[in-house]
Amino acid sequence: MGENSLRCCVAGGGPAGMMLGFLLARAGVPVLVLEKHADFLRDFRGDTIHPSTLEIMYELGILDEFLQRPHQEVTTLGAQIGDEFLQVADFTHLPTHCRFLAFMPQWDFLDFLAENAKRYHTFQLRMQAEVTNLETEDGRVTGLRATTPRGELRVKADLVVAADGRHSAVRELAGLEVVDIGAPMDVLWMRLSRQPDDPGQTLGRIDTGHVFVMLNREDYWQCAFVIPKGGFTEIRRRGLPTLREKIAALAPFLRNRVAQLSDWSDIKLLSVAVDRLRTWHRPGLLCIGDAAHAMSPIGGVGINLAIQDAVAAANILAPALLRGAVEEDDLNAVQQRREFPTQATQRLQVILQNRVIGRVLETTEKISLPLPLRLLNSIPALRRVPARFIGLGIRPEHVRLPVPTAPFEQSSSLAH
Ligand SMILES: Cc1cc2nc3c(=O)[nH]c(=O)nc-3n(C[C@H](O)[C@H](O)[C@H](O)COP(=O)(O)OP(=O)(O)OC[C@H]3O[C@@H](n4cnc5c(N)ncnc54)[C@H](O)[C@@H]3O)c2cc1C
């Protein structure tokens, strides 16, 4: 059994955990991130890097390096509603250095964060380390246990952070209460190749009974076919040709390649969950990102919120961690800072998913563009509002920690 003692141990190397690990290490706080997988390469789970995240990278001085990696830039979002086209969002007026959404596979983004974090000797990343237990003393979380290929790892830490996603084992072990908000839909994710004469824009298609979103990934379309909650069994029963036909009807230019969906393994089900913790912390433990609040896929803001939580947590907690005295008030300050943006975003998502998407999925009538939405087409300045909500979110965070003198080369034996 390996044993470690350090200031902060983060469970989960997703966007929230990796960004927090990076920021704390950069501020001089010894931090260990435990990730259960052997690498970051997994199924599609969102590739959107928002202008607010890009701004944080600018503040950290790593934006230019990031933008040198293969990515696509999207400056506007549109939707085909019935027979009409709606320009939804225009990012080109945001008060940020990057006025676009960047699309980059999430594993590349996480690799990039890991590479930058490893430049600090205070950072350790341990892959294939699955957190299975918390250690407590007098009701305070004092560490955790993880299984690794080399046996059980035991970590003592002043603070444990659960950043282990929406099925968080750590929040369950901590006995934190989850408020389940629910969603009327699930999403089927799939890829279809892209051809040179396809439309260029990333767009949504909404028509009688259907919502279909297509993200332009240059040589392929990452597609989301929205279905009623729990409806996948029925869709499978009807058969793959029926699903292919529906997709071809929604986006006729895809008709010549829907056969690429040759097997159900080409289609991944995302069971949409919307929930949040009533309290994000208990003594010695804080939850952030999806572990604190699973978001609806509407607006594609899950990664953004996870990153924002990490920045707020690092800003608030780094000084206390450096002193070696993290109190529950400090943890509560993180929740207070991030609870309003989370709740407000979820409220908006719930309105959209219940009043718009839920109804579209149920209707058998022809869909037309609602009058208030027509204003987005006739008054271009209005498109800045959705752009701000999607691109920056509510209460965007900024890196407040002092810039360290210089990074150091990684020296830890635990380093991946
Ligand atoms: C199919 C799909 C599509 C999505 N599309 C988008 C999108 O377009 N835009 C967007 O913004 N968001 C999208 N999301 C949501 C987005 O992926 C999440 O909101 C975001 O990744 C949350 O980041 P996180 O770091 O909090 O959690 P996660 O990304 O879930 O990371 C948690 C990490 O913890 C690890 N882990 C879990 N349990 C343990 C354990 N016990 N011990 C150690 N490690 C553990 C996991 O392996 C994972 O790496 C999508 C999600 C899915 C599933």
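Pick from Gly200, Gly204, Gly143, Gly151: which is closer than 29 Å to Val350 by Cα and in contact (Cβ under 8 Å) with a residue 12 or more places away in the chain? Can you show your working first?
On the way: Gly200 fails: closer than 29 Å to Val350 by Cα; Gly143 fails: closer than 29 Å to Val350 by Cα; Gly151 fails: closer than 29 Å to Val350 by Cα.
That would be Gly204, the only listed residue that is closer than 29 Å to Val350 by Cα and in contact (Cβ under 8 Å) with a residue 12 or more places away in the chain.
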Any residue that is part of a helix (DSSP H, G or I) and crowded, with 22+ Cβ neighbours inside 10 Å - is there at least one of those in region 267-282?
no
So which residues in region 283-313 are open to solvent by 10 Å² or more (accessible area, probe 1.4 Å), assigned to a loop (DSSP other than H, G, I, E, B) and touching a Lys or Arg at 6+ places or on another chain (Cβ under 6 Å)?
Pro283
Only one of (1) surrounded by 14 or more Cβ atoms within 10 Å (Cβ to Cβ); (2) away from the ligand (no atom under 16 Å from the Cβ); (3) in a helix (DSSP H, G or I) fails for Val326. Which number is that?
(3)
Asp43 passes all but one of (1) open to solvent by 10 Å² or more (accessible area, probe 1.4 Å); (2) within 16 Å of the ligand (Cβ to nearest atom); (3) closer than 20 Å to Val161 by Cα; which number fails?
(3)
Could you list, in sequence order, the residues of region 348-395 that are without any contact (Cβ under 8 Å) to a residue 12 or more places away in the chain, within 29 Å of the chain's Cα centre (by Cα) and within 27 Å of Gly182 (Cα to Cα)?
Ile351, Arg355, Val356, Arg359, Val385
Restricting to region 17-40, give me the number of residues that are part of a helix (DSSP H, G or I), more than 16 Å from the chain's Cα centre (by Cα) and near the ligand (Cβ under 7 Å from one of its atoms).
0
Val170 is checked against (1) part of a strand (DSSP E or B); (2) of a type in the set (Val, Ile, Thr); (3) under 15 Å from Gly14 (Cα atoms) and fails just one. What number does that condition carry?
(1)
Residue check, Trp264 against (1) more than 9 Å from the ligand (Cβ to nearest atom); (2) crowded, with 20+ Cβ neighbours inside 10 Å, all met but one. Which one?
(2)
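The values are calculated or read from the model by the stated rules, or taken from the named source; none is laboratory data. Just so we're clear, the structure is a prediction, and the values are computed from it rather than from any experiment. Note: ideal-geometry Cβ built from the backbone for every residue, glycine included; neighbour counts use all protein chains shown. Keep in mind that these areas ignore ligands, DNA and RNA; they rest on the heavy atoms of the full protein, side chains included. Shrake-Rupley method; radii C 1.70, N 1.55, O 1.52, S 1.80 Å.
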